[in-house]
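Participant: One structure, pasted below without further comment.
Throughout, read-outs are computed from the coordinates displayed, never taken from laboratory work. Note that this is a predicted model, so its numbers are computed, not measured. Cβ placement follows ideal geometry from the backbone for every residue including glycine, while neighbour counts extend to all protein chains displayed.
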Amino acid sequence: MSDIIEFTPKQIVEELDKYVIGQDKAKRSVAIALRNRWRRKQVPDALREEIYPNNIILIGPTGVGKTEIARRLSRLANAPFVKIEATKFTEVGYVGRDVESMIRDLCDLSVSMVRSEKTKEVEALATKHAEERLLELLLPPSPNKRRKVMLEEDDDSGADDAEDRYKRTRDKLKKQLENGELEERQVELDVQAEQSSLMQIISPMGVEEMGVNVQDLLGGMMPKKTKLRKMTVSEARNYLIQEEAQKLIDMEQVVQEAIERVENSGIIFLDEIDKIAGEGEKSGPDVSRQGVQRDLLPVVEGTSVFTKYGMVKTDHVLFIASGAFHVAKPSDLIPELQGRFPIRVELHSLTAEDFFRILTEPKNALTKQYIALFETENVKLDFTEEAVQEVANIANSVNERTENIGARRLHTVLTALLEDYLFEVPDTKLKKISITRKIVQERLSNIVKDEDLSRYIL
Ligand SMILES: Nc1ncnc2c1ncn2[C@@H]1O[C@H](COP(=O)(O)OP(=O)(O)OP(=O)(O)O)[C@@H](O)[C@H]1O
Ligand SMILES: [Mg+2]
């Protein structure tokens, strides 16, 4: 079972380093939290139940990598992971979206994760079955069996002949099929008819909140509709592989494993938690904020949530919360909830040096993205080091003088810088664009000087 990674904290940090610059403390604590999931699995049963996750609050200004760390961690963890805005639960008119729904989301995700893993496991066998069925579609089974009954009295040399011929044709077709010579040939296939439109009408909004899947309920009651469709052999193969894989997978086992994964390695990232930390018990939204905190409490503390897959225990789900905490402080959360998030990590605001590294180092660095985009137009884009330095400085100074939106500023500065090229390049014969410091200054200095302009454009 590959449900928990075996990376050491150091390796986890190294992986995160590929995408997130700096913020070492935050990376360390999420790495420890993730490793603790693995450690807990090795502990003897009785004690294991006693080891609760140390939930984390990431505190830091906007655009410094909080969500990015969580997002990268989730890919790494190969654990069911959902990211939810805490404010979602305070939205006025958001009827029926209760806090427990995040556990249901986590379960759905886990089930589809496990199912696709299992599908991969049976893929070879499913493909084999699919090939056999394809052959049957191309050449319906031997008529011989029927003939044999009729011809019982006769000498059955005729039947043998027919059988031989059938076998030969079948072998020939099989070869052709294997060699990919029949891919474009049309076959007719029974496919499941779509029923979803009907289901949408029947199922009232919010029913899924009860954890009941109307589609499953009614789907079972209604006769399965199939319809004959024409498609090419290659389309049919894909369809049949899916269908055969479904037959080979034991859904009960999938669900069981998926639930086990949610309960032992699930991670929930609760974004914007500061926004539900109201000060005192005022009127209006603050009341509902505290309400959301109270709703959250049992889920974070450990409770059983009713889902369409059965009861799911949340005791060992790891929660990573995050927020800017500009106005509210972690101490403004209700005490019980504070106690459930014992680890607080601060992320620092980013400097011009950080920006330089963010622009160039991560695997998905913005300059790399633009270089790839221009490559599609057969244009070689490059940035001199001083140019990148200049972009970093500009982003930093605009952040200082207007609003500090962290690394998000890099997006706006770079798009402003490259806009003309992005627009014009397909119609020019340019093969190479080299962005120098001079170009950066020429294109951006006017905007940067004018504070009002920067507010709008950068
Ligand atoms: N330290 C960093 N290293 C690399 N990229 C970063 C870093 N910080 C932010 N970014 C980039 O900036 C963008 C915004 O970052 P992110 O979504 O993590 O912000 P956040 O801290 O969650 O802010 P908010 O409080 O507004 O949610 C992302 O596209 C991310 O790639
Ligand atoms: Mg965020």
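Participant: Take peptides 323-334, 243-254 and line them up by average Cβ neighbours within 10 Å, highest first, as a rough protection proxy.
Facilitator: Highest mean packing first, the order is 323-334, 243-254.
Participant: Which FRET efficiency value, to the nearest 0.05, is calculated for Y166 and S116 with the Förster distance at 41 angstrom and r the Cβ-Cβ distance?
Facilitator: Approximately 0.60, to the nearest 0.05.
Participant: Mind giving me the nanometre distance, one decimal, between the label points for E49 and M311, set 7 Å out from Cα along Cα→Cβ?
Facilitator: Going from the E49 label point to the M311 one covers 1.3 nm.
Participant: What are the principal axis extents of the Cα atoms in region 388-458, in Å, biggest first?
Facilitator: Extents along the principal axes, in whole Å: 39, 22, 20.
Participant: Could you let me know the centre-to-centre spacing of region 351-374 and region 1-54, using Cα atoms, in angstrom?
Facilitator: 28 Å
Participant: Turning to a different aspect of this structure: Quick one: what Rg and Dmax do you get for region 341-401 from the alpha carbons, in Å?
Facilitator: According to the Cα coordinates of region 341-401, Rg and Dmax are 15.1, 52 Å.
Participant: Give the aspartates and glutamates reachable from K329 as a straight Cα distance under 17 Å; neighbours fewer than 8 places away on the same chain don't count.
Facilitator: In chain and number order, the partners are D271, E272, D274, E279, E281, D286, E346.
Participant: What distance in nm lies between label points placed 7 Å from Cα along the C-beta direction at Q176 and Q192?
Facilitator: Taking the two extended label points, one gets 3.2 nm.
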